[in-house]
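Written out below as structure tokens is the structure these notes cover.
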Amino acid sequence: QAHLVESGGGSLQAGGSLKLSCLASASLRWSCMGWFRQAPGKEREGVTVYYTNARHIIYADSVKGRFTISRDTANNTMYLQMNNLKPEDTAMYYCASSSEFNCVFRPLAYENYNYWGQGTQVTVSS
């Protein structure tokens, strides 16, 4: 059973930066792994996803040029560097992984992921 734990969230002003971390309990073979976020009253949306086997990264249009996903495979840790944060980035951020091959076709769709962290809140004020 996979166990993912996020950390690094917080409150800050627009233009600031945060780095989120996601620690996995063990090394697992995932088709996709990445970050999602959900604001109150809104649908959970994909932020960035890494195609594990293809070693390819995609970003949601809303975060391109500002967010960067990275991994430390030796320590089973995934990171999300968030720069130039905007108020619209305010949300609960979740790390997620999928062992389902279908995630490679719709990598930013939350329903294709079967392992989730508990979430870490990011609040950006104007």
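The values are calculated or read from the model by the stated rules, or taken from the named source; none is laboratory data. Predicted model, so just to flag it, every value in this text is computed and none were measured. Every residue, glycine among them, receives a Cβ derived from its backbone with ideal geometry; neighbour counts consider all protein chains shown. Note: areas computed on protein heavy atoms with side chains; ligands, DNA, RNA excluded. Shrake-Rupley method; radii C 1.70, N 1.55, O 1.52, S 1.80 Å.
For (1) open to solvent by less than 80 Å² (accessible area, probe 1.4 Å); (2) at pLDDT 95 or above; (3) outside any loop (DSSP other than H, G, I, E, B), each residue gets a yes or a no:
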position: Glu6; (1), (2), (3): yes, yes, yes
position: Leu20; (1), (2), (3): yes, yes, yes
position: Arg29; (1), (2), (3): no, no, no
position: Gly46; (1), (2), (3): yes, yes, yes
position: Lys64; (1), (2), (3): no, yes, no
position: Ala74; (1), (2), (3): no, no, yes
position: Glu88; (1), (2), (3): no, yes, yes
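In segment 96-114, is there at least one residue being in contact with a strand residue (DSSP E or B) (Cβ under 7 Å, 6 or more places away or on another chain) and closer than 24 Å to Gly16 by Cβ?
No - not one qualifying residue is present in segment 96-114.
Under the condition of being of a type in the set (Gly, Ala, Ser) and in contact (Cβ under 8 Å) with a residue 60 or more places away in the chain, which residue from segment 90-103 is most open to solvent (accessible area, probe 1.4 Å)?
The extreme case among them is Ser99.
Could you list, in sequence order, the residues of segment 31-42 that are in contact with a helix residue (DSSP H, G or I) (Cβ under 7 Å, 6 or more places away or on another chain), open to solvent by less than 20 Å² (accessible area, probe 1.4 Å) and among the small types (Gly, Ala, Ser)?
Selection gives nothing.
Which members of segment 48-62 meet the condition of being hydrophobic (A, V, I, L, M, F, W, C), open to solvent by 40 Å² or more (accessible area, probe 1.4 Å) and assigned to a strand (DSSP E or B)?
Residue satisfying the conditions is Ile57 alone.
State the number of residues belonging to segment 62-103 that are under 16 Å from Gln118 (Cα atoms) and touching a Phe, Trp or Tyr at 6+ places or on another chain (Cβ under 7 Å).
7
Considering each residue of segment 104-126, count those that are open to solvent by less than 70 Å² (accessible area, probe 1.4 Å), within 15 Å of Ala91 (Cα to Cα) and assigned to a loop (DSSP other than H, G, I, E, B), and give that number.
Total meeting the criteria: 2.
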